[in-house]
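Below is one structure; the comments refer to it alone.
The values are calculated or read from the model by the stated rules, or taken from the named source; none is laboratory data. It should be emphasised that the depicted structure is a prediction, and the values quoted were computed from it without experimental measurement. Reconstructed Cβ throughout: ideal geometry from the backbone, glycine too, with neighbour counts over all protein chains shown.
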Amino acid sequence: MIKGMTLVREVASAEALDKFGRLMLDLGFEQGKGWEDENGRGLALLAPLGNLELVTGRAPSVPPILIEVTGLDAVHAAVEKWMLANYRTEEVAALLTKPELTHWNSRLFTVSLKDGASDGLSLGFWQSENPLHGKPAAIEGDLSAQGMRFAIVTARWNAVITDRLLQGSLDALYRSGAGRTDVEMVRVPGAWEIPSAARKLAETKRFDAIITLGCLLRGETAHYEAIYNEVARGIGQSQQETGIPHAFGVLTCETLEQALDRAGVKAGNKGFEAAVAAIEMVSIQQKLRRPQEGK
């Protein structure tokens, strides 16, 4: 089994090796186990990932050593500073290029580390322009609610807030393709009653997700924290035991002004956000079920 890969290149002098080694360590390489004997010495530089690329039909269009980085502009600035400290200014202009776009959806700059009459080393530093490059493939939910069924449980207490949350949820569902007949609304007296209604709705298995909306204000309720903890626990327990996603849209605020801000005045509408989360979770569950159904 292949364990790793090491690319070995000769450097013209011990001085050049030391300079190059300091640059690479400053840029983030890990120092490995080097060696030294009567004939020379070696410096090991370790990176998290190594690749071997072979080319035929034409000469490679990139330097023989390519280093993938994040923050390409910052790396270029660091290399340029190092070059100016070790080469004459007019030499740096010829040895170091600016970051430029490539035909393989990335940006690249090259640097030649020469030592006297020797050609030295040629390096290329590059960064992918694809934001998903190098990231593991993940299952993510889509934001289409077409064909999905939702139940919305809304508390009547603090209706000036919960009505705004409800309107935000409906707006998100209908904009995302949910049919009006696919959304069922249930009103309960207050936040305390939300978990019970959500549980009953989930147990019917008629809905793909439950959206819970309510508002608790500390100034109005002496036992504010006790109610909130039980509401959160009850909604979470219902979700875990029924397997139906429950979107949490119960506001817990210090003042009415804060609640209004979170219900669409300043800080977005948490009812809208809860509905979007519900749509995404239904989509994720559908995708997770498909491989099992195909067996």
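Only residues that are within 16 Å of residue 111 (Cβ to Cβ), out of contact with any Pro (no Cβ under 9 Å at 6 or more places or on another chain) and surrounded by fewer than 16 Cβ atoms within 10 Å (Cβ to Cβ) were counted across segment 1-24, and they come to 1. A single member of 74, 59 is exposed (fewer than 10 other Cβ atoms within 10 Å of the Cβ), without any contact (Cβ under 8 Å) to a residue 40 or more places away in the chain and either assigned by TED's automatic domain parsing to the domain that holds residue 123 or not basic (Lys, Arg) (or both), and it is 59. Contact annotation: residue pairs with Cβ atoms under 7 Å, 6 or more positions apart or on different chains, pairing a residue in segment 264-284 that is among the acidic types (Asp, Glu) with a partner that is outside any helix (DSSP H, G or I), are 280/141; 280/143.
Checking residue 271 against (1) within 25 Å of the chain's Cα centre (by Cα); (2) closer than 18 Å to residue 142 by Cβ: exactly one of these is not met. Which one? Among (1) within 25 Å of the chain's Cα centre (by Cα); (2) closer than 18 Å to residue 142 by Cβ, residue 271 violates only (2).
Residue 22 passes every criterion in (1) assigned to a loop (DSSP other than H, G, I, E, B); (2) closer than 26 Å to residue 71 by Cα; (3) in contact with a helix residue (DSSP H, G or I) (Cβ under 9 Å, 6 or more places away or on another chain) apart from (1). Right, residue 225: among the acidic types (Asp, Glu), more than 17 Å from residue 281 (Cα to Cα) and assigned to a helix (DSSP H, G or I) or not? For residue 225, the condition - among the acidic types (Asp, Glu), more than 17 Å from residue 281 (Cα to Cα) and assigned to a helix (DSSP H, G or I) - is met. Within segment 114-121, identify whether any single residue is crowded, with 19+ Cβ neighbours inside 10 Å and modelled with pLDDT of 85 or more, and answer yes or no. No, because not a single residue in segment 114-121 is crowded, with 19+ Cβ neighbours inside 10 Å and modelled with pLDDT of 85 or more.
Within segment 4-52, the set of residues being in contact (Cβ under 8 Å) with a residue 12 or more places away in the chain and among the acidic types (Asp, Glu) comprises 15, 26, 30.
Beta carbons closer than 9 Å, at least 6 apart along the sequence or on distinct chains, pair a first residue in segment 183-200 that is in the same structural domain as residue 275 (by TED's automatic domain parsing) with a second that is in a helix (DSSP H, G or I) and of a type in the set (Lys, Arg) for 186/200; 195/233.
Here is a check on your reading of the model: is residue 209 touching a Pro at 6+ places or on another chain (Cβ under 7 Å) and buried (at least 23 other Cβ atoms within 10 Å of the Cβ)? Here the answer is yes, as residue 209 does meet what is asked.
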